[in-house]
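As structure tokens, the structure follows; a few thoughts come after it.
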Amino acid sequence: MSLDLTKEEYIQETKDASHISMSQEKILRALESDDVRGHFEGTLDNQLILNMGPQHPATHGVLQLVVSLDGESVVGTIPVLGYLHRGYEKLAENMTFHEFIPHTDRLDYLSPLANNVGYVLAIEKLLKIEATERAQWIRTMCCEMARLASHLVWMGSMAMDVGALTVFLWTFTEREKILDILDILTGVRFTTSYTRIGGLALDMSDECKARLVAFLDQFIPKLENARNLIERNKIFINRCEGVGYISKEDAISLGLTGPNLRAAGVGNDLRIDDPYLKYRELDFNVPTATESDVLARYYVRVREMYETVKILRQCLQKLPEGPINTPDAKQVLPDKGEVYSKMEELIHDFMIVNFGNTPEKGVEAYQAIEAAKGELGFYAISDGKGYPFRLKIRSPSFTNLGALPTMMKGAMISDIVAIIGSIDPVMGEADK
Amino acid sequence: MWIELLISVIKIATVLTVLLVSVAYAVYAERRVSAFMQNRYGPNRVGYQGLLQSFADVIKLVFKEDIVPVKANKPIHTLAPMISIFVALTTIAVVPFGHTIELFGRIISLQITDVNVGILYILALTSLGVYGITLSGWSSNSKYSLFGGIRSSAQMISYELSMGLSVVGIILITGSLSLQDIVLHQNGWKWNLVLQPLGFIIFLVASFAETNRSPFDLPEAEPELVGGYHTEYSSMKFALFFLAEYANMIVASTVIATLYLGGWQFPYLQSFGLPPMAVSILQVLTFCAKVAFLVFFFIWVRWSLPRFRYDQLMNLGWKVMLPLSILNIIVTAILVSVLK
């Protein structure tokens with residue numbers, strides 16, 4: 001077919017031809033509808049659309065990615081979220097503040113303790129009460145143990161994403177030890193629901209402290225072992241270096257938080273910038289990097305684990321004796337022994353359980369903590385009833401996933417999994 | 001004449017049985033070694049210490065439903081696993097697993113057949129192997145499988161080149177393409193591992209790539225391609241791919257042992273003055289030990305190393321291994337002509 005045909009001639013000739021190819025058919029349709037531009041967007045119109053997820057081994061749960069590919073290179077990426085959406089923000093409006101605590105376990109299910117703490121801190125701000133010294137120290141430790149557990153899962157699964165299968169089991173062994181400690185501390189290994197408004201469900205026993213000390217003593221050599229297996233490997237470095245770059249400006253404007261932001265060269269950490277709990281009295285560093293690639297994010301998280309061990313040791317030293325529940329009878333659940341033996345406590349228990357804590361009308365509170373994935377914020381508005389008028393959860397995984405298309409630019413199929421792994425998303429939190 | 005035929009049939013049957021049983025135990029070894037490396041137990045329920053696990057798995061797979069995707073190209077979809085297993089099982093025909101053995105007054109060569117172009121036969125068959133994987137990826141009509149198939153064909157073609165060139169060094173030293181001659185040449189300390197260290201490394205790396213083992217397991221890469229070329233296979237067809245993968249691994253080990261580790265040669269065995277029968281048996285056992293070590297090495301590497309990326313794999317193949325293997329040929333050729 002010659003090139004210097006007019007449009008009408010082209011249409012006629014193509015229509016007359018006994019067999020036309022698919023691309024000719026497309027051109028024909030485009031010419032007939034006079035809308036040429038719509039059909040020729042992108043490169044050469046021969047991209048492959050690949051659907052990754054929601055059931056895919058490397059998408060960390062139910063993240064779906066629609067990737068357009070040119071050979072093995074990624075041209076565009078669209079993350080599709082919402083497969084794990086359970087409507088927690090709406091659920092919260094129909095239950096008392098205490099009833100929502102178990103639901104926070106299911107947000108970032110790799111660090112449920114940090115979610116518990118973040119949520120009650122926001123509600124306590126709403127109620128204008130504060131936990132006791134001892135409770136605050138224990139909560140600080142909870143946050144750090146959660147960070148350690150979460151980072152260990154991340155390290156294993158990211159190594160597995162790039163193909164190093166053994167590290168996964170090694171880090172999970174360590175995480176298992178943390179879960180054993182949580183078992184003693186909270187009574188459950190996983191869905192802890194440990195915090196209460198104005199205090200904690202249980203006190204930290206001496207056995208728990210001893211187990212934690214024993215764990216910390218053996219943890220660093222074990223971590224070094226796992227690091228040696230992957231960090232000294234040229235293949236691992238090559239797979240991570242320069243992959244998934246995001247500029248500092250993009251990272252800030254997309255709202256990245258946590259290790260992902262710190263790896264882009266922004267030393268932003270709520271534990272330092274806006275200290276909550278006891279972080280003001282603790283001595284630790286915030287690791288940052290400037291390369292902003294998968295490897296930088298890896299190193300930031302690994303170094304954070306060392307800082308977390310440091311923090312936990314200091315906490316164990318400084319943990320004071322004392323009560324764990326604030327003596328505010330109107331807002332804090334009384335001790336069970338007293339409920340069964342004293343009239344007043346029974347009434348308070350009845351009121352809090354049945355009608356909920358009652359903040360003042362029109363009060364709003366936002367409290368964010370530095371969770372393992374980034375800034376985890378709870379924003380609650382009260383209209384004076386036992387339920388929140390509105391509860392907004394600012395989940396770090398959700399915003400971090402927003403950076404995925406930017407990081408994917410110029411990546412290859414194998415990089416997709418490495419980048420997802422380096423962002424460390426947890427879909428329970430991203431979808432809420 | 002009939003006796004010769006009978007001997008061949010017995011040899012073929014024995015070798016195939018041994019190969020298939022060792023495939024089952026290679027799978028078992030992989031699971032136990034990986035479990036050991038990862039602080040787990042691994043299979044330890046079926047039979048003593050789980051020794052019958054692989055057979056239980058095969059029986060399970062036989063009884064599974066065979067699912068073929070609606071849009072798959074059915075004849076090719078069925079043919080592909082057959083090609084894979086065929087290639088994996090026939091390559092071993094030219095590998096000598098011992099020198100000779102005297103039974104009932106007959107001297108029997110411990111090799112199915114001594115083809116005088118043995119190396120070419122191996123290279124030709126491994127090139128055929130890529131068809132199994134590429135066709136399975138294409139005929140499944142799934143994008144993931146297609147990627148697996150394309151990756152494997154590109155990978156195998158790139159690595160076959162350096163694999164073939166690295167063997168040229170050995171051919172120059174030995175002056176023969178027959179595997180039995182190559183083994184006979186490696187008597188005493190003169191293993192090709194010592195004479196051809198660079199060629200050995202190139203051949204070893206290329207065999208990892210040829211057998212699709214980690215760190216070159218891109219065609220199946222679970223985190224990326226969810227199993228790659230065999231994503232859409234189930235039941236016995238999947239089992240055939242699985243068997244072929246491990247059979248390939250064992251055959252690759254036998255070829256490496258034959259070409260570089262002296263095959264069945266036990267250094268200075270003649271000087272011990274043992275009866276000929278004991279010598280023959282010891283040689284076969286030596287060969288088995290070398291192969292077992294190499295299989296362990298394959299497993300060891302898989303559970304230690306991450307996976308390459310596609311472009312890095314190609315870079316390694318074309319920009320590093322190919323020039324090095326050519327360099328190896330040139331150096332070997334010069335040394336051989338100077339020393340002779």
| said: I'd like the full set of residues that are of a type in the set (D, E, K, R) and outside any loop (DSSP other than H, G, I, E, B), limited to segment A:75-95. | reply: A:89, A:90
| query | For segment B:219-238, which residues satisfy the criterion of being at pLDDT 75 or above, in a loop (DSSP other than H, G, I, E, B) and surrounded by 24 or more Cβ atoms within 10 Å (Cβ to Cβ)? | reply | B:233
| message | Test of understanding: among A:103, A:56, A:98, which residue is in a helix (DSSP H, G or I), of a type outside the set (S, T, N, Q) and either at pLDDT below 90 or more than 30 Å from residue A:283 (Cβ to Cβ) (or both)? | response | A:103
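Could you check segment B:60-78 and list, in sequence order, the residues that are in a helix (DSSP H, G or I) and crowded, with 17+ Cβ neighbours inside 10 Å? Break it down into steps so the answer makes sense when it comes.
Quick first cut of segment B:60-78, residues in a helix (DSSP H, G or I) only: B:60-62, B:74-78.
B:61, B:77 - these are the residues of segment B:60-78 that are in a helix (DSSP H, G or I) and crowded, with 17+ Cβ neighbours inside 10 Å.
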| note | Within segment A:372-426, restricting to residues that are acidic (Asp, Glu) and open to solvent by less than 30 Å² (accessible area, probe 1.4 Å), the one that is nearest to residue A:162 (Cα to Cα) is A:415
| said: Pull out all pairs, ordered by first then second residue, where Cβ-Cβ is under 8 Å, the residues are six or more apart or on different chains, the first lies in segment A:318-341 and is over 19 Å from residue A:197 (Cβ atoms), and the second is of a type outside the set (A, V, I, L, M, F, W, C). | reply: A:318/A:278; A:318/A:281; A:319/A:134; A:319/A:209; A:320/A:133; A:320/A:134; A:321/A:134
| field | Residues of segment B:296-316 classified as away from chain A (no Cβ under 14 Å) and either touching a Leu at 6+ places or on another chain (Cβ under 9 Å) or surrounded by 18 or more Cβ atoms within 10 Å (Cβ to Cβ) (or both), total | value | 2
| task | Hey, can you tell me all the residues within segment A:47-77 that are more than 10 Å from every other protein chain (Cβ to nearest Cβ) and touching a Phe, Trp or Tyr at 6+ places or on another chain (Cβ under 7 Å)? | result | A:54, A:62, A:64
| note | A careful count of residues in segment A:228-268 that are open to solvent by less than 40 Å² (accessible area, probe 1.4 Å) and within 14 Å of chain B (Cβ to nearest Cβ) gives 10
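Yes/no matrix, rows are residues, columns are (1) within 14 Å of chain A (Cβ to nearest Cβ); (2) buried (at least 24 other Cβ atoms within 10 Å of the Cβ); (3) modelled with pLDDT under 85; (4) assigned to a helix (DSSP H, G or I):
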| position | (1), (2), (3), (4) |
| --- | --- |
| B:107 | no, no, yes, no |
| B:116 | no, no, yes, no |
| B:123 | no, no, no, yes |
| B:128 | no, no, no, yes |
| B:135 | no, no, no, yes |
| B:152 | yes, yes, yes, yes |
| Which numbered condition residue A:306 fails, given (1) among the aromatic types (Phe, Trp, Tyr); (2) in contact with a Lys or Arg (Cβ under 6 Å, 6 or more places away or on another chain); (3) open to solvent by 40 Å² or more (accessible area, probe 1.4 Å) | (2)
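List the helices (runs of 4 or more DSSP H) that sit entirely inside segment A:341-432 and contain at least 1 residues that are in contact with an Asp or Glu (Cβ under 7 Å, 6 or more places away or on another chain) and within 14 Å of another protein chain (Cβ to nearest Cβ).
Working: elements: A:343-355, A:396-401, A:404-407, A:413-423, A:427-431.
By residue number, A:413-423.
Could you tell me whether segment B:255-266 includes any residue that is modelled with pLDDT of 85 or more, aliphatic (A, V, I, L, M) and over 16 Å from residue B:187 (Cβ atoms)? Let's see the steps before the verdict.
Looking only at segment B:255-266, we keep the residues that are modelled with pLDDT of 85 or more, and these are B:255-261.
Going one step further and asking which of them are aliphatic (A, V, I, L, M), we end up with B:255-257, B:259, B:261.
Still in the list and also over 16 Å from residue B:187 (Cβ atoms): B:255-256.
Scanning segment B:255-266 turns up at least one residue that is modelled with pLDDT of 85 or more, aliphatic (A, V, I, L, M) and over 16 Å from residue B:187 (Cβ atoms).
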| message | I want to confirm something. Restricting to segment A:185-227 and keeping residues that are among the β-branched types (Val, Ile, Thr) and in contact with an Asp or Glu (Cβ under 7 Å, 6 or more places away or on another chain), which single residue is most open to solvent (accessible area, probe 1.4 Å)? | response | A:191
| message | Being in a helix (DSSP H, G or I) and either more than 12 Å from chain A (Cβ to nearest Cβ) or aliphatic (A, V, I, L, M) (or both) is the requirement here; does residue B:177 meet it? | response | no
| Inter-residue pairs, beta-carbon under 9 Å, first over 17 Å from residue B:246 (Cβ atoms) and away from chain A (no Cβ under 14 Å) and in segment B:31-47, second surrounded by 14 or more Cβ atoms within 10 Å (Cβ to Cβ) and not hydrophobic (A, V, I, L, M, F, W, C), 6+ apart | B:44/B:32; B:44/B:50; B:44/B:53; B:45/B:53; B:46/B:53; B:46/B:54; B:46/B:57; B:47/B:53
| task | State the number of residues belonging to segment A:128-160 that are open to solvent by 10 Å² or more (accessible area, probe 1.4 Å) and within 11 Å of another protein chain (Cβ to nearest Cβ). | result | 2
| Which fully enclosed helices (runs of 4 or more DSSP H) of segment A:231-312 have 3 or more residues being over 26 Å from residue A:220 (Cβ atoms) and touching a strand residue (DSSP E or B) at 6+ places or on another chain (Cβ under 9 Å)? | none
| task | Would you check if residue B:252 is hydrophobic (A, V, I, L, M, F, W, C), more than 21 Å from residue B:188 (Cβ to Cβ), modelled with pLDDT of 80 or more and open to solvent by 10 Å² or more (accessible area, probe 1.4 Å)? | result | yes
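The values are calculated or read from the model by the stated rules, or taken from the named source; none is laboratory data. From a predicted model like this one, the values you see are computed outputs, not experimental measurements. Using ideal geometry, Cβ is built from the backbone for each residue, glycine included, and neighbour counts are taken over all protein chains shown. Please note that ligands, DNA and RNA were not included when accessible areas were found on the heavy atoms of the full protein model with its side chains. Shrake-Rupley method; radii C 1.70, N 1.55, O 1.52, S 1.80 Å.
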